[in-house]
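For reference, the structure discussed in these notes is given below.
Throughout, read-outs are computed from the coordinates displayed, never taken from laboratory work. Everything quoted here is computed from the prediction, not taken from an experiment. Note: ideal-geometry Cβ built from the backbone for every residue, glycine included; neighbour counts use all protein chains shown.
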Amino acid sequence: MSLNILLLEDVHASATPVLHGLPGAEVMRLKHAPEAPELATLLADVDLLGLRSRTQITADILARAPRLRAIGAYCTGTNNIDLAAASGHGVAVFNGPFSNTRSVAELVIGHAIHLLRRVPERHAAARRGQWLKDARGSNEVRGKLLGIVGYGKIGTQTGLLAEAIGMRVVYHDIEARLPLGNAVPAASLEALLGEADVVTLHVPQTERTRGLIDARRLAQMRPDAVLINLARGQAVDIAALHDALAHGRLRGAAIDVFPTEPASNAQPFESPLRALDNVILTPHVGGSTVEAQHKLGVEVSQKLRDYLLHGAVHGSVNLPELAVGPLRSPVRLVHLHHDQPGVMSQLNGVLAAAGLNVAQLHLATQGGVGVAVVDLNPPPGPATLAAVAAVAGTLRVFSTLAAAGCA
């Protein structure tokens, strides 16, 4: 039986060799992000799906993909995927949280330099035939204070790069974080905004971060400071930012993500910020480098391969982490279930009644979901597999591709 793999949104070619290593793999590639009707048709017989940030995976779409075992998000965020519904259908979701870290951090530093040197205004003026040669409002970044809001993977790397060019670093995070280099935590977000020359956002998309930088927060920033957002479009109130930039209450801004973005390159980009010279606008390309996309293709595909081939769960956003040993029997089953009392007892009872020996068992639970990886000898028959699938609380059961005679 073939393993049908669908890769959308022109996922990098580096993904293909890894996925072709799966037994029976047949890879289909599309460059666009299908709308719901087309996507539902495509997923009718797909086992593994790869996508980027534009394809929307809803509960309805998942309900119409009966064979789907795993989704690979070849990007950092997974806001376009209904994770609760994916868990409910026994579909593992993997992403690549580290692969584009350097790319985003480098662009932040580049934007900081350009904004503090007033490059956006000078560039816009030069294109209009004006020659703005002066030093007013133009500064080196050395010695300036970078304020990082959200001190996670990208925030910490951005801080290290900033220090390497002579900047000082302060950060704010809702969780306690170990500072890297000479970075120091701010007393509060208000304190960071009030003293930083450059404020850069690296926060996830949550209700808490929606409108995080609004008119009140912008008023707390220094008039000669700049704002950079390569994180989430909902984090900044664009109308309030436009007002602050247009009236000189902020030196400049660089925005890569927006509350509403075009679905494709063919659609127009609309934003009030387009009318301003002191802002850098980029089309959600913070992590879009050849290097990052290549690494994403490999990293996410390896996670998918290990899951389907061995039942190992590495870096899933909706399943518990689970390391597994080498296969010890002809068949290895992966049993996804609700984390509730009695599931493993029922599962063991079914296997025992069928006269099957459990040569090895791995189990992990988290967030209401359990993953059991079971090596069995002899191989279970159709009736036993049906009984395993009927265990109360079961979400999905499948044989790993490394198991002899299984697909």
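Put the Cα centre of region 240-312 next to the Cα centre of region 135-168 and the gap is 20 Å.
In whole percent, what relative contact order does region 95-177 give with Cα contacts below 8 Å and a gap of six or more residues? Over region 95-177, the number comes to 33 percent.
Considering only Gly96, Gly159, Gly368, the mean-square fluctuation computed in a Gaussian network model of the chain, springs between alpha carbons under 10 angstrom, is largest for Gly368.
Quick one: angle between helix 153-164 and the longest Cα principal axis of the chain, in degrees between 0 and 90, rounded to 10, please. Value to nearest ten degrees: 40. Secondary-structure-derived ellipticity at 222 nm for the chain, considering helices only, amounts to -8500 deg cm²/dmol, per-run term -39500 (n - 2.57) for DSSP H runs with n ≥ 4.
When the trypsin sites (Lys or Arg not before Pro) in region 311-407 are filtered for DSSP coil states and for at most 14 other beta-carbon atoms within 10 Å of their beta-carbon, the remaining sites are Arg328.
With respect to the chain, whose longest principal axis is taken over its alpha-carbon atoms, helix 290-310 is tilted by about 20°.
Taken about its Cα centre, the chain carries a charge dipole of roughly 720 debye when the Cβ of each Lys and Arg holds +1 and the Cβ of each Asp and Glu holds -1.
Using only alpha carbon pairs under 8 Å that are at least six residues apart, calculate the relative contact order of region 6-161 and give it in whole percent. With pairs under 8 Å counted, the relative contact order is 17 percent. Subtracting the Cα-Cα distance of Val358 and Phe269 from their residue separation scaled by 0.36 nm leaves 26.3 nm.
GNM remark for the chain: springs join alpha carbons under 10 Å apart, and the peak mean-square fluctuation among Arg274, Arg251, Arg52 falls on Arg274.
Taking GluC sites (Glu not before Pro) as exposed when DSSP calls them loop and at most 13 other C-beta atoms lie within 10 angstrom, the chain has its longest site-free stretch at 36-139.
What is the helix-to-structure angle for 101-116, meaning the angle in degrees between its Cα long axis and the longest Cα principal axis of the chain, kept from 0 to 90 and rounded to the nearest 10? For 101-116 against the chain, the angle is about 10 degrees. Build a GNM of the chain with springs between Cα atoms under 10 Å apart, and of Leu296, Leu145, Leu178 the one that fluctuates most is Leu178.
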